[in-house]
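Peer 1: Let me begin by handing over the structure; questions about it come next.
Nothing in this text is a laboratory measurement; each read-out follows from the coordinates by a stated rule. What you see is a predicted model, and the numbers here were worked out from it, not measured in a lab. All Cβ positions, glycine included, derive from the backbone under ideal geometry; neighbour counts span all protein chains shown.
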Amino acid sequence: MYRILVADAIKPEGLGPLSEASNILLIQKTVEEAANELDQIDAILVRSATKVTEDLMNRMPQLKIIARAGVGVDNIDIPAATKRGIVVVNAPDGNTISTAEHTFAMMASLMRHIPQAYASLKNGEWKRSSYTGTELRSKTLGIVGFGRIGGEIAKRAKVFGMEVIVFDPFLTADRAKKMSVTSLPLDKLLPKADIITVHTPLTNETRGLINKEKLLTCKKGVYVLNCARGGILDEDDLYEMIVKGHVAGAALDVFVEEPPLGHKLLELDNVIATPHLGASTKEAQLNVAVQVAQEVLTYFEGNPVSSSINLPAISKEVFEKVQPFYQLVQQMGSIASQCMKEGIQEISVTYAGESLDFDTAILTKSLISGFFKSRVDASVNEVNALLIAKERGITVGEKISADSLGYSNLISLKVKGDNRELTISGTYIENYGSRIVNLNGFKIDFHPEENLLYIQHTDKPGVIGNVGKILGDHEVNIATMQVGRKEAGGEAIMVLSFDKPLSDNMKQFLKETEEITFMALISL
Ligand SMILES: NC(=O)C1=CN([C@@H]2O[C@H](COP(=O)(O)OP(=O)(O)OC[C@H]3O[C@@H](n4cnc5c(N)ncnc54)[C@H](O)[C@@H]3O)[C@@H](O)[C@H]2O)C=CC1
Ligand SMILES: O=C(O)CCC(=O)C(=O)O
């Protein structure tokens, strides 16, 4: 049974797939209310209110996945989650339209003083001349951060007859052209825009991106909006620039501290504000709840998720291509690790063959996680595998080769240790499954079973019989046995599989066979 803590207000109608699953228990409580059961929680679902800190994660030793019902993940300590192997997913586009519409509503309200006029009228006043506004038509809108929300705002601005200029260091010329916007560096955008709206995530780079120095380069009388994250527009600097009359007004949906009780910006007449309502529509809340519920369900079904923050994104089509190799590479990593019980310097993997014609990064991560599982602990997974390799000073390389040696696909792994090297190649054959086809340069063909014994020995009459006899004398039943050699009388190998795990003592008995030069018990 997986226990899922729904810690923030997430629309229950969207959580249907989770509440209907027989192996899932949904617990609708805040972190404080669930304090006594945190150690049993497998997944946590949050919006922006709950801060998923390293400390909170430490109180949740079973935690496997954090799901953010929304876009911004600045309330989640991603590096800490990654280190622990906890998958972080979000709902990247469920609230795009709502947030774009809200930003647009804020922009129109700001330019026409609607909140101030409304408050005045409600107060019994009729001050028409005090609330003369400015048209949006022909104004230049500067969008900083041109992703999903920025793009939707641009479409709406064009319909209103605005000119749209954008700044986004990751924007391609192709997308700028398709969206009919002018892409400019920030220092060129700021002096040109009549209105500036920010739509970046909050990161170390974007915190304080628009500060006093930048605001001073803007037109006098510029209007600014922040419906992304508090802090992208520096709050103190904005206050000063409004008070000095350089900025004509601001519309804010987000604040550094939420709620921003007693905030000085809220005292200014030309600042309008909403309490982080960008995504607060029936539609957006249903969308994001459905999206994260589906992701969590997919994860607990053992399938790769599609909108992870700390795993490579993977589409359904790629997933179908990846799936056959997913377990094979984990097993190859694990076999290599159990055959190389020594310090490792380098792991390199080569992919060859037409059926491996996709981004193989996810396979490399799966392989490395298989390698470390038997060395570190079961919490190693695709999320933290490369980080663990790096921490241990192990170089991980990935190559594509044109030569698949006649197989339709061939994955080859080379592990360089302090004293030895190990190579292993595997393939996936449709309707037949995974096969290991080469081990340390010996041609062989075996299915990676649960309990294996790998023996390297001198090719002499009687060795195979002797091994069989020793195992038989100890009532060990051999399930399968594969042998391989390079040349008669040289080095040879055998790989045996068993129904039950072999005890470590058996290694001692087998070691008496002097022709055996190397032996490894492998459990997959
Ligand atoms: N007020 C609200 O309720 C909501 C706020 N948000 C906020 O809006 C942000 C943007 O959301 P989306 O458009 O969906 O995200 P997105 O990921 O589609 O777009 C973000 C864009 O910012 C750009 N960017 C990153 N660093 C930048 C930098 N230093 N300078 C300029 N551009 C930079 C990226 O290249 C990307 O194109 C989210 O990160 C979230 O914090 C999102 C939804 C609701
Ligand atoms: O959960 C919410 O309402 C906030 C939405 C938001 O800020 C986001 O998706 O980044």
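Peer 1: Between L405 and N36, what is the label-to-label distance in nm when each label sits 7 Å out along the Cα-to-Cβ direction?
Peer 2: In this crude label model, L405 to N36 measures out at 6.0 nm.
Peer 1: Using 0.36 nm times the number of residues separating T132 and E20, minus their current alpha carbon distance, what extension gain do you get? Before the final figure, lay out each step's value.
Peer 2: On the way: separation 112, 0.36 × 112 = 40.32 nm, distance 5.47 nm.
Value of the extension gain: 34.9 nm.
Peer 1: Same structure, new question: Taking the Cβ of G462 as the center, what net charge do the other residues with Cβ under 13 Å away carry, scoring Lys and Arg +1 and Asp and Glu -1? The partial results should precede the final answer.
Peer 2: Details: positive: K460, K469; negative: D459, E514, E515.
Taking every other residue near G462 into account, the sum is -1.
Peer 1: For the range 176-229, what is the Kirkwood estimate of the hydrodynamic radius, computed as the reciprocal of the mean inverse distance between distinct Cα atoms, to one decimal in Å?
Peer 2: On the way: mean 1/r = 0.0818 Å⁻¹.
Result for the range 176-229 stands at 12.2 Å.
Peer 1: 7 Å from Cα along Cα→Cβ at both E450 and A9: what's the point-to-point distance in nm?
Peer 2: Simple spin-label model gives 4.9 nm for this pair.
Peer 1: I196's amide H: which non-local residues (gap 5+, or another chain) put their own amide H closer than 5 Å, with H modeled 1.01 Å from N in plane and none for Pro or chain starts?
Peer 2: Long-range HN contacts for I196: G142, Y223, V224, L225.
Peer 1: Run down the lysines and flag those whose C-alpha is under 25 Å from the C-alpha of K122, throwing out any fewer than 8 positions away in its chain.
Peer 2: Cα-Cα hits under 25 Å: K264.
Peer 1: Stokes-Einstein D for the range 340-412 at 4 °C, 1.567 mPa s, Kirkwood Rh over Cα pairs, in µm²/s?
Peer 2: Numbers: Rh = 13.0 Å.
Estimated diffusion coefficient is 99 µm²/s.
Peer 1: A follow-up question, please. Name the residue farthest towards the positive end of the dipole of the chain from the options T274, Q40, A248, assuming +1 on Cβ of Lys and Arg, -1 on Cβ of Asp and Glu, about the Cα centre.
Peer 2: Result: A248.
Peer 1: Can you give the Rg and Dmax of the range 124-203 based on its C-alpha atoms, in angstrom?
Peer 2: Cα radius of gyration and Dmax of the range 124-203 are 14.8, 53 Å respectively.
Peer 1: State the extension gain, in nm to one decimal, for the chain segment bounded by K220 and L387, taking 0.36 nm per residue of separation less the distance between their alpha-carbons. Walk me through the numbers before you get to the answer.
Peer 2: Values: separation 167, 0.36 × 167 = 60.12 nm, distance 4.80 nm.
Here the segment from K220 to L387 would lengthen by 55.3 nm.
Peer 1: Still on this structure: Let me check the size of the range 237-303 from its C-alpha atoms; what are the radius of gyration and Dmax in Å?
Peer 2: Looking at the range 237-303, its Cα Rg and Dmax stand at 18.6, 58 Å.
Peer 1: In nm, what is the difference between 0.36 nm times the number of residues separating E54 and E398 and their Cα-Cα distance? Can you show the working numbers first?
Peer 2: Values: separation 344, 0.36 × 344 = 123.84 nm, distance 3.16 nm.
Extra length from E54 to E398 when fully extended: 120.7 nm.
Peer 1: Also, I was wondering about something else. Once the mean 1/r over all distinct Cα pairs of the chain is inverted, what Kirkwood radius in angstroms do you read off? Display every interim value, and only then the final one.
Peer 2: Details: mean 1/r = 0.0370 Å⁻¹.
After inverting the mean inverse Cα-Cα distance, the result is 27.1 Å.
Peer 1: Next up: So the label point goes 7 Å from the Cα of S348 along Cα→C-beta, right? Which residues of the range 388-408 then have their backbone N under 14 Å from it?
Peer 2: Inside the label zone: 395-402.
Peer 1: Name the lysines eligible as straight-distance cross-link partners of K219: C-alpha to C-alpha under 17 Å, and not fewer than 8 places from it in the same chain.
Peer 2: K139, K188, K192, K244
Peer 1: Same structure, new question: So how strong a dipole does the range 404-497 carry about its Cα centre when Lys and Arg Cβ are +1 and Asp and Glu Cβ are -1, to the nearest 20 debye? Display every interim value, and only then the final one.
Peer 2: On the way: 9 positive and 11 negative charges, 63 e Å.
I would put it at about 300 debye.
Peer 1: Could you tell me the center-to-center distance, by alpha carbons, between the range 219-290 and the range 1-58 in angstrom?
Peer 2: A separation of 30 Å, based on Cα centres.
Peer 1: Sticking with this one: What percent of all Cα-Cα pairs in the range 61-127 falls in each 10 Å bin, counting up from 0?
Peer 2: Cα pair-distance distribution for the range 61-127, in percent: 18, 27, 19, 17, 13, 6, 0.
Peer 1: How high is the relative contact order of the chain, given as a whole-number percent (alpha carbon pairs under 8 Å, six or more residues apart)? Mind showing how you got there, number by number?
Peer 2: Working: 1037 pairs, mean separation 57.3, N = 524.
Contact order relative to length: 11 percent.
Peer 1: Provide the FRET efficiency to the nearest 0.05 for the D504-T281 pair, computing r from the beta carbons and using R0 = 60 Å. Mind dumping the intermediate values first?
Peer 2: Details: r = 62 Å, r/R0 = 1.03.
Efficiency at R0 = 60 Å is approximately 0.45.
Peer 1: Also: Just how large is the dipole of the chain about the Cα centre, in debye to the nearest 20, putting +1 at every Lys and Arg Cβ and -1 at every Asp and Glu Cβ?
Peer 2: On the way: 55 positive and 65 negative charges, 334 e Å.
Dipole about the Cα centre, nearest 20: 1600 debye.
Peer 1: If R₀ is 25 angstrom, what is the calculated FRET efficiency for the pair S120 and V256, using the beta carbon separation as r and rounding to 0.05?
Peer 2: Values: r = 29 Å, r/R0 = 1.17.
E between S120 and V256, to the nearest 0.05, is 0.30.
Peer 1: Now a separate question. Could you work out the Kirkwood radius for the range 1-132, taking every pair of different alpha carbons, averaging 1/r and inverting it, reported in Å? All intermediate terms of the calculation are to be shown ahead of the outcome.
Peer 2: Working: mean 1/r = 0.0575 Å⁻¹.
Averaging 1/r across every pair of different Cα atoms and inverting gives 17.4 Å.
Peer 1: For the chain, return all DSSP H helices satisfying: extent of Cα atoms along own axis at least 30 Å; mean Kyte-Doolittle hydropathy at least 0.0.
Peer 2: Values: long enough: 316-339 (35 Å, -0.19).
Once both thresholds are applied, nothing remains.
Peer 1: Separate question: Rounded to the nearest 500, what is the chain's calculated 222 nm mean residue ellipticity when only DSSP H runs of at least 4 contribute -39500 (n - 2.57) each, over all residues?
Peer 2: Values: 16 runs with 163 residues, N = 524.
It lands at -9000 deg cm²/dmol.
Peer 1: Which entries of K282/K365; K321/K399; K373/K399 show an alpha-carbon separation above 29 angstrom in the structure shown? List each step's numbers first, then the result.
Peer 2: Numbers: K282/K365 38 Å; K321/K399 18 Å; K373/K399 23 Å.
Distance filter (> 29 Å) returns K282/K365.
Peer 1: What aspartates and glutamates could a cross-link reach from K507, if we take a straight Cα to Cα line under 20 Å and drop same-chain neighbours fewer than 8 places away?
Peer 2: E342, E449, E450, D459, D473, E475, E491, D499, E515
Peer 1: Now, a different point. To the nearest 0.05, what FRET efficiency results for E317 and T458 with a Förster distance of 35 Å applied to their C-beta separation? List each step's numbers first, then the result.
Peer 2: Working: r = 49 Å, r/R0 = 1.41.
Approximately 0.10, to the nearest 0.05.
Peer 1: Can you tell me the relative contact order of the range 1-47? Whole percent, Cα pairs under 8 Å, sequence separation 6 or more.
Peer 2: Details: 64 pairs, mean separation 28.6, N = 47.
61 percent.
Peer 1: Obtain the nm distance between the two label points defined at A173 and D187 by a simple spin-label model: each point lies 7 Å from its Cα along the Cα-to-C-beta direction.
Peer 2: Each label point is offset 7 Å from its Cα along the Cβ direction, giving 2.2 nm.
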